[in-house]
1. Specify whether the C-alpha gyration tensor of the stretch 75-132 places it in the rounded, prolate or oblate class, a ≥ b ≥ c being the square roots of the eigenvalues: rounded for a/c under 1.5, otherwise prolate if a/b is larger than b/c and oblate if not.
2. Applying a 10 Å radius around every beta-carbon, put 96-105, 114-123 in order of their mean neighbour count, most first.
3. For the chain, which whole-number percentage of the solvent-accessible area (1.4 Å probe, protein heavy atoms only) is attributable to carbon and sulfur atoms?
4. Roughly how many debye, to the nearest 20, is the charge dipole of the stretch 10-141 about its Cα centre, given +1 on each Lys and Arg Cβ, -1 on each Asp and Glu Cβ, and no other charges?
5. Hey, what did the chain get for relative contact order, percent, Cα under 8 Å, at least 6 apart?
6. Order K137, K49 by their accessible area, 1.4 angstrom probe, all chains in place, largest first.
7. State in Å² the accessible area per residue of the chain; use a 1.4 Å probe, count heavy atoms of protein chains only, and round to the nearest integer.
8. Return the distance in nm (one decimal) between the two label points of a simple spin-label model at N97 and T19, each offset 7 Å from Cα along Cα→Cβ.
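The values are calculated or read from the model by the stated rules, or taken from the named source; none is laboratory data. Model, not experiment: these values are computed from the prediction. When we count neighbours, we look across all protein chains shown, and the Cβ atoms used for this are built from the backbone with ideal geometry, even at glycine. Protein only, heavy atoms only, side chains kept; ligands, DNA and RNA dropped before computing areas. Shrake-Rupley method; radii C 1.70, N 1.55, O 1.52, S 1.80 Å.
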Amino acid sequence: MGLATRNEGAAVNSNINVTPMVDVMLVLLIIFMVITPMLNNKVNVDLPKATAAVIMEDANKEDSVVVAVTRDGKVFLGGDQVTLDDMGAKISAKLENKTDKHVYLRGDARANYGKVMDAIDGVRSAGVSELGLLTEKTEDQ
């Protein structure tokens with residue numbers, strides 16, 4: 001049986017080992033880098049390009065109402081696919097408690113013009129008077 005003796009005269013090691021903390025932080029960084037693009041609830045559409053585009057910062061907010069029309073004519077409200085018949089009621093429900101009654105439309109550049117107009121009619125049937133058409137600004141050279 002060994003007895004542990006304490007040497008009172010020895011210097012105390014006051015260095016902190018930060019290696020485990022750095023390992024944990026790097027793992028968290030990698031997790032956030034992988035998960036963040038997946039949290040984007042936008043539907044991927046190729047926006048048309050315009051030279052006189054106006055920047056609409058409110059369209060990027062988390063609680064903004066965004067309608068997307070894809071190339072094949074499908075209509076999405078946020079990240080959920082909706083039918084044109086249900087879209088007016090769902091937009092009205094989303095705008096019910098909001099003071100800002102703006103709706104933003106993201107139409108694919110190669111989408112059928114008739115499908116985009118059907119989506120606009122669905123937005124108008126919800127009583128929305130402010131509709132923003134989102135585009136990408138072309139770079140001036």
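1. Here the stretch 75-132 falls in the prolate category.
2. Final packing ranking: 114-123, 96-105.
3. Summing carbon and sulfur atoms, their accessible area is 55 percent of the total for the chain.
4. 120 debye
5. After rounding, I find 28 percent.
6. K49, K137
7. On a per-residue basis, 76 Å².
8. Taking the two extended label points, one gets 5.1 nm.
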